[in-house]
Structures are given as C-alpha cells and as structure tokens.
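Beneath this line is the structure, given in structure tokens, with notes to follow.
Rule-based calculations on the coordinates, nothing more; no lab input. Only a predicted model underlies this, so the values are computations on that prediction, with no experimental measurement involved. When we count neighbours, we look across all protein chains shown, and the Cβ atoms used for this are built from the backbone with ideal geometry, even at glycine.
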There are 2 protein chains.
Amino acid sequence: MIERESYHHKNLKNQLIDKGIELVSTEGLKSFSLRKVAAACGVSHAAPYSHFQNKDELLNAMQCHITAEFSKALEDTITAYGDSADVLAHLGKAYVVFFIDNPHYFSFLYTQSTVQIDLSFSDDVGHNYAPFETFKGLALALMEKAAYPKEKNKDAVIALWSFIHGIASLATMKNVRYDENWEEKISDFIGVFNCPFLSAI
Amino acid sequence: MIERESYHHKNLKNQLIDKGIELVSTEGLKSFSLRKVAAACGVSHAAPYSHFQNKDELLNAMQCHITAEFSKALEDTITAYGDSADVLAHLGKAYVVFFIDNPHYFSFLYTQSTVQIDLSFSDDVGHNYAPFETFKGLALALMEKAAYPKEKNKDAVIALWSFIHGIASLATMKNVRYDENWEEKISDFIGVFNCPFLSAI
DNA sequence: AAATTAACTTGACGCTGTAAAGATTGTATG
DNA sequence: CATACAATCTTTACAGCGTCAAGTTAATTT
C-alpha cells in the first residue's frame with residue numbers, strides 16, 4: 001500500500017528522471033534499478049511503465065537531461081570567455097571540469113548512451129549532439145581567425161575533441177591514480193601541442 | 001543433470017575466463033552473466049564459485065587477460081617499427097586499432113575495470129598497467145632523442161596518451177557516426193599537433 | 001583403506017526487468 | 001449530472017540474475 005495525498009502523482013515522469021539522475025550521480029549506474037527509482041518517488045515498482053516503455057527509455061531521458069546540462073556549461077564558458085584569445089582552452093577546461101564534478105556522468109553518457117553523436121560535419125546540425133556542435137562552432141571560428149588551412153579544419157576539430165575527451169575519460173576513472181590536479185594541469189597538456197589557434201589558458 | 005566425460009572439469013577456471021571474454025566481445029558486457037558463462041562451459045550455475053569469489057573477480061581476471069593481449073599488441077608494434085622515426089605514431093595507431101577490432105573491450109577495460117592505472121610516474125613500474133608503461137617508455141626515449149625539454153616530459157606523455165585514448169574511445173562508441181575510416185585518419189589527427197618528437201605516420 | 005580436501009551440483013533466497021490484469025482518478029461526452 | 005473512456009497507478013506473477021548453504025563426487029593425502 002503506497003501512501004500519497006492523491007492516487008495520481010502528476011509529475012511522476014519528471015521526478016523519475018530527476019531522482020534517477022540523483023541516484024546515478026551518487027551511487028553510479030551499476031546499482032541503479034527501476035524499482036529503486038520508483039521507490040524513491042514513492043510509487044509502486046511498475047509505475048514507471050506508464051511513462052517509459054522500459055528501463056532503457058528512462059536512462060535515455062536521463063542522458064538527454066545531463067547532455068543539456070553539459071551543453072549549457074560549455075555555452076556559459078563561451079559567454080564568459082568568448083572574446084578572450086584562449087576561449088578554446090577554457091572550453092576544454094570546462095569540458096573536463098563538468099565530468100570531474102560528476103564522475104559518474106562520463107561513462108553514463110559515453111558508454112551507455114543511445115544519444116547519437118555525429119562527427120561527420122553533416123548539415124543536420126540542429127539535431128546533433130549539442131556539446132559537439134558548440135565546440136565545433138567555436139573551434140572553426142578560431143581557425144578562420146588564425147588563417148588555419150581550411151582543408152585541415154575537420155581533422156583539427158576531431159583531434160582536439162578527442163584530446164579533451166580523453167583527458168576527461170582518464171580524469172574520471174576511479175582506478176586511475178594521478179597525483180596532480182587534473183583541472184590545473186589542463187593548460188599544461190594543451191601546451192604540449194603547438195596549435196596556432198590554440199592559446200594556453 | 002550436467003553431462004561431461006568426468007565429474008571434474010580440470011581446466012574450468014581458464015575456460016571460464018576464455019568463454020567469458022568471448023561472450024563479452026560478441027554480445028557485450030550488458031548481457032553478460034555468470035550463469036551464461038557457466039552454461040557455455042557445460043557446468044552448473046554455481047560452479048564458478050569454486051574458482052572465483054564472485055562475478056567481479058571473474059570479470060577482473062578477464063580484464064587482466066585482455067590487458068595482457070593489448071600490451072602485447074603495443075610491444076609488437078615497437079618491435080616492428082622501433083627504429084623508424086614515426087614509431088610513436090604507429091603505436092598510437094596500434095592502440096586505436098586494437099579497440100576498433102574489439103569494440104566491446106574499450107568500455108569493458110576502461111569503465112568497468114578494477115585494474116589500476118598509475119599515471120603518476122611513480123617508481124613501481126613493474127606492477128603498473130603495462131600498456132601505459134610501454135607507451136611511456138617509448139615516448140620518453142623519443143623526447144630524449146629530440147632534446148625535448150625535460151620538465152615537460154610528464155605532461156607530454158599524459159597529453160599524448162589522453163589524445164590517443166580519446167580517439168579510441170570515440171572510435172569504439174556505437175552511437176558515434178563518423179563517415180571516415182578511423183584507422184586511416186589517425187595520422188591526420190596526429191598531424192594537427194606539431195610535436196617535435198611526433199612524426200606523422 | 002580411510003580420511004581429508006577440492007570441485008562440482010542442487011536448491012533456495014532476494015533482487016531485478018517486465019508483462020498482464022485490476023483499481024483509481026481525471027476528462028470528455030451525452 | 002451521469003456515463004463512458006482514457007490515463008495513471010497498483011498488484012500479482014514470472015523468468016533470469018548473483019549468491020549462499022548443503023549435499024555429492026572425485027582426487028589427494030595419510
């Protein structure tokens with residue numbers, strides 16, 4: 001017998017997503033279960049099936065929410081440092097910091113996700129993974145300004161994205177030991193590569 | 001009733017590891033279960049508990065086996081191209097190719113693993129994640145040869161490792177669309193960064 | 001030959017995702 | 001207002017899962 005003011009929960013769908021994200025960020029994906037989220041929302045174990053076809057569909061909704069949050073963090077960085085010469089370095093830092101602040105998000109977004117990421121520079125920009133499009137847009141603008149050879153543009157964007165992505169991956173693995181502070185070291189890592197359009201932080 | 005020549009299976013432990021790896025590489029980690037591996041080996045569902053304390057311990061053994069295989073792939077590359085000016089580029093290529101050939105291995109090794117990776121350049125080299133030590137050793141030697149500033153050595157190794165690691169990560173995500181051939185593009189990606197010790201492939 | 005240990009089976013437990021059927025509520029229609 | 005209907009939630013049920021405990025068989029030691 002579930003106790004609640006009214007039989008109907010009204011905002012259950014959104015609450016499932018919120019509580020679900022909370023559970024993943026605190027306890028990780030491994031111990032995540034539909035029944036736990038349902039219990040955390042005070043409903044029966046099968047209630048989620050009124051709003052999601054199955055577990056994966058809830059996970060997908062959670063991933064979309066986190067992706068939007070991530071995208072906003074990147075955009076805020078551009079807003080703050082857009083005119084600075086080292087925007088791109090700041091953007092990379094923001095990328096890594098977002099996942100360092102929420103270590104469980106990384107593998108959740110990038111190894112469990114069904115959210116599509118199009119690295120092919122196709123025209124359907126509006127529907128693509130927003131964080132990548134944000135990164136791409138800024139990087140291309142800077143390359144233009146630095147008169148970087150146009151035929152190398154696509155490769156440069158993907159190389160940079162991979163680089164930052166790789167740092168975030170290592171920085172959020174709990175079985176990796178690194179005595180330095182990832183966040184403070186990012187500018188040093190970027191400094192290893194002499195890109196004309198890449199300023200140090 | 002399980003049918004087998006003899007009651008004792010003898011080599012069950014190793015067979016569990018091998019069949020387990022086979023299952024992970026074909027069907028992925030998500031659908032992997034102890035009971036399936038046991039069945040695949042023709043033993044009862046609790047038989048693995050004679051050789052492993054729990055599921056995680058079997059997974060760990062599987063990860064160690066794959067890591068050794070990965071390490072060998074890297075070492076073979078050094079053996080083959082050790083005297084060439086672009087060894088490091090070849091090594092990066094081998095890194096990525098290993099995981100492209102076995103896409104399930106990447107997240108299995110890097111987001112589920114308990115295998116420790118020490119990026120801190122501590123002295124206990126013998127017990128560290130062998131693939132990283134192999135990479136590190138070669139990179140440091142090349143930097144020495146190229147008279148790369150010593151104080152930047154550690155940062156350069158980690159930056160490069162992150163970069164290659166990031167490419168492998170993106171290349172093995174099934175929800176990433178990329179119309180080019182990752183393997184063939186790696187030299188182009190490396191070319192984006194002008195490192196004195198990094199030759200193009 | 002007997003005793004001991006290691007390897008494996010069987011059966012059970014609680015937890016999981018999910019399907020089906022029933023109950024309750026909100027809403028639209030006469 | 002009353003009735004019908006659709007949406008939301010509960011209950012029950014089932015198979016698969018990891019794991020434990022107890023029992024069985026084979027190999028090893030004494």
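Axis of helix A:55-81 versus longest Cα principal axis of chain A: the two differ by about 40°, to the nearest ten degrees. Take A:Ala68, move 7 Å from Cα toward the beta carbon, and the resulting point lies 4.9 nm from the same point in each other copy, nearest first. Taking 25 Å as the cut-off for C-alpha to C-alpha distance, list the pairs among A:Lys10/A:Lys30; A:Lys150/B:Lys136; A:Lys93/A:Lys145; A:Lys36/B:Lys30; B:Lys72/B:Lys136; A:Lys30/A:Lys185 that go past it. Pairs exceeding the cut-off: A:Lys10/A:Lys30; A:Lys150/B:Lys136; A:Lys30/A:Lys185. Rounded to the nearest 0.05, what FRET efficiency is calculated for A:Tyr49 and B:Ser33 with R0 set to 22 Å and r the Cβ-Cβ distance? My answer for the efficiency is 0.40.
For chain A, the longest principal axis of the alpha carbon atoms and the long axis of helix A:182-192 meet at an angle near 30°.
The mean number of Cβ atoms from other chains found within 10 Å of a Cβ in peptide A:127-133 is 1, as a whole number.
Cα gyration tensor of the range B:99-148, axes a ≥ b ≥ c as square roots of the eigenvalues: rounded (a/c below 1.5), prolate (a/b > b/c) or oblate? It comes out oblate by the Cα gyration axes.
Packing, taken as the mean count of other beta carbons within 10 Å per residue, orders the peptides A:111-121, A:137-147, A:89-99, B:104-114 from highest to lowest as A:89-99, B:104-114, A:111-121, A:137-147.
Residue of chain B with the smallest Cβ distance to the axis mapping B onto A, distance rounded to whole Å: B:Gly166, 1.
Placing +1 at every Lys and Arg Cβ and -1 at every Asp and Glu Cβ, with all other atoms neutral, what dipole size does chain B have around its Cα centre, in debye to the nearest 20? Please report the intermediate quantities before stating the final value.
On the way: 18 positive and 25 negative charges, 119 e Å.
Here chain B has a charge dipole of around 560 debye.
Between B:Ala40 and B:Arg177, full extension at 0.36 nm per residue minus the direct alpha carbon distance yields a gain of 45.9 nm. Helix B:87-101 and the longest principal axis of the Cα set of chain B meet at an angle near 30°.
Using only helices, what value at 222 nm comes out for the protein assembly as shown when you add -39,500 (n - 2.57) per DSSP H run of length 4 or more and divide by the total residues, to the nearest 500 deg cm²/dmol?
Working: 16 runs with 238 residues, N = 402.
Using -39500 (n - 2.57) per qualifying helix, the result is -19500 deg cm²/dmol.
Remark: label point of B:Arg177 defined 7 Å out from Cα along the Cα-Cβ vector; separations to the same position in other copies 4.4 nm, ascending. When a/c reaches 1.5 or more, the comparison of a/b and b/c decides; with that in mind, is the protein assembly as shown rounded, prolate or oblate per its Cα gyration tensor? It is oblate, given that a/c is not under 1.5 and a/b is not larger than b/c.
Taking chain B as a Gaussian network of alpha-carbon nodes connected by springs under 10 Å, the highest mean-square fluctuation of the residues B:Asn14, B:Asn181, B:Asn128 belongs to B:Asn181. When B:Ala146 is represented by a point 7 angstrom out along its Cα-to-C-beta vector, the spacings to that point in the other copies are 1.7 nm, nearest first. Which listed residue (A:Gly166, A:Thr111, A:Phe99) has the Cα farthest towards the positive end of the charge dipole for the range A:95-180, taking +1 on Lys and Arg C-beta and -1 on Asp and Glu C-beta about the Cα centre? It is A:Gly166. Dipole size of the protein assembly as shown about its Cα centre, with +1 on Lys/Arg Cβ and -1 on Asp/Glu Cβ: approximately 1060 debye, rounded to the nearest 20. Shown is the FRET efficiency for B:Ala85 and A:Asp101, computed with R0 = 51 Å from the Cβ-Cβ distance and rounded to the nearest 0.05: 0.80.
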